[in-house]
1. Quick check on segment 248-276: of everything there that is touching a helix residue (DSSP H, G or I) at 6+ places or on another chain (Cβ under 9 Å) and in a helix (DSSP H, G or I), which residue is surrounded by the most Cβ atoms within 10 Å (Cβ to Cβ)?
2. Restricting to segment 171-189, count the residues that are within 22 Å of the chain's Cα centre (by Cα), outside any loop (DSSP other than H, G, I, E, B) and aliphatic (A, V, I, L, M).
3. Scan segment 122-148 and report the pairs whose first residue is at pLDDT below 95 and whose second residue is surrounded by 18 or more Cβ atoms within 10 Å (Cβ to Cβ), with Cβ atoms within less than 7 Å and a gap of 6+ or a chain change.
4. Hey, can you tell me all the residues within segment 138-170 that are outside any strand (DSSP E or B) and of a type in the set (A, V, I, L, M, F, W, C)?
5. For segment 277-307, name all the residues that are of a type in the set (A, V, I, L, M, F, W, C), modelled with pLDDT under 95 and buried (at least 17 other Cβ atoms within 10 Å of the Cβ).
6. Evaluate the following for residue 46: is it without any contact (Cβ under 8 Å) to a residue 24 or more places away in the chain, surrounded by fewer than 20 Cβ atoms within 10 Å (Cβ to Cβ) and of a type in the set (D, E, K, R)?
7. Could you say whether any residue in segment 268-277 is at negative phi and over 23 Å from the mean Cα position of the chain (by Cα)?
8. Taking residue 88 as the residue in question, decide whether it is in contact with a helix residue (DSSP H, G or I) (Cβ under 7 Å, 6 or more places away or on another chain) and surrounded by 15 or more Cβ atoms within 10 Å (Cβ to Cβ).
Amino acid sequence: MGRPLSDVLVIGGSGLLGQHLVEEAKARGFPVQATYAGGAIPGAIRMELADLEGTIRTLVRLRPKVVLLAAAMTDVDGCESHPEQAAVINAEAPGEIAKACASLGARLVHFSTDYVFEGSTQAAYREGDPAEPRSAYGQTKLAGERTVLKALPSALLLRTSANFGWNRLRTKTNAVTWILEKLRRNEPVPLFTDQWVTPSYVPDVARIAFDLLDRDADGTFHVGSKDCRNRLEMGQAVCETFRLPETLLKPIRLADLPLKAPRPLRSCLATARIERVLKIRVPTFADSLADMRDHEPTAGENRTAKR
């Protein structure tokens, strides 16, 4: 048997974004291979980004035409406690993967975060605005952006914010399913009134990634909802869309919490460039919630927020 080939490789295919990238690749008819680092998923390959040599060996063996790098160390406080580990996973590994893609002639899509911004401006951040991260997570992700673009200037770099959507492979919650889960258990939901984001709906992120590949685009793009909301406003929109009581929503302030890592308070992402390049209308948060409601997994499927 010859060595296995894969047109599309999704690194981090067991995560929320990664699983939707895999689904999108399959929907478009591409042979796709996924990797995981935590619990095994059927048909996927184990890959630890901290094992740089093993990661590159896997890339060379698979020889993909397109690599989508959705894996990262995303625990913000964990990155603050273990900055060296975060630097390897979020900065060094992406650079090595980019070098391998350059050698293989493969396209690379690297996913980053709004946390690369300082987060004190009222205006939404554009792709070219200065990045001044406040946390080790943001600093290592920014370093990863730079190592990727240095090794492979033709790479696609997509920044997202407060990712949400149905998680069919893991019980881990996200920006929306955490709210839904607590509401459906009749539990109070503490939500920040002083942290503003442009939530990214992962099915849309996946579609946009492949649409940009189809157009042979490169460079940096912001992918998120059209509107900028604080976390409490997100909860109110969830209640309205899923017809749940707002009485369980409890306003709190991020600034009052003794968190280890600082967070940006206003890291909204401007999406005008993605609209211009793809000639699309970026959906509002309410639009995406409605789509999420209409595509809730059935009782027999794995998902969070449905008990």
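The values are calculated or read from the model by the stated rules, or taken from the named source; none is laboratory data. Predicted, not measured: the structure shown is a model, and the values here were computed from it. Note that each Cβ is placed from the backbone with ideal geometry, even for glycine, and that neighbours are counted across all protein chains shown.
1. 274
2. Quick first cut of segment 171-189, residues within 22 Å of the chain's Cα centre (by Cα) only: 171-181.
From the residues that got through so far, the ones that are outside any loop (DSSP other than H, G, I, E, B) too are 177-181.
Then drop every residue that is not aliphatic (A, V, I, L, M), which leaves 179-180.
Residues meeting the conditions: 2.
3. 122/266
4. Pass one, segment 138-170, residues outside any strand (DSSP E or B): 138-155, 161-163, 165-170.
Those that are outside any strand (DSSP E or B) and of a type in the set (A, V, I, L, M, F, W, C): 142, 143, 148, 149, 151, 152, 155, 162, 166, 169.
5. As a first pass, look at segment 277-307 and keep what is of a type in the set (A, V, I, L, M, F, W, C): 277-278, 280, 282, 285-286, 289-290, 292, 299, 305.
Still in the running and modelled with pLDDT under 95: 299, 305.
305 - this is the single residue of segment 277-307 that is of a type in the set (A, V, I, L, M, F, W, C), modelled with pLDDT under 95 and buried (at least 17 other Cβ atoms within 10 Å of the Cβ).
6. yes
7. First, pick out the residues of segment 268-277 that are at negative phi: 268-277.
Keeping just the survivors that are over 23 Å from the mean Cα position of the chain (by Cα) gives none.
No, every residue in segment 268-277 fails to be at negative phi and over 23 Å from the mean Cα position of the chain (by Cα).
8. When the stated conditions are applied, residue 88 does not pass them.
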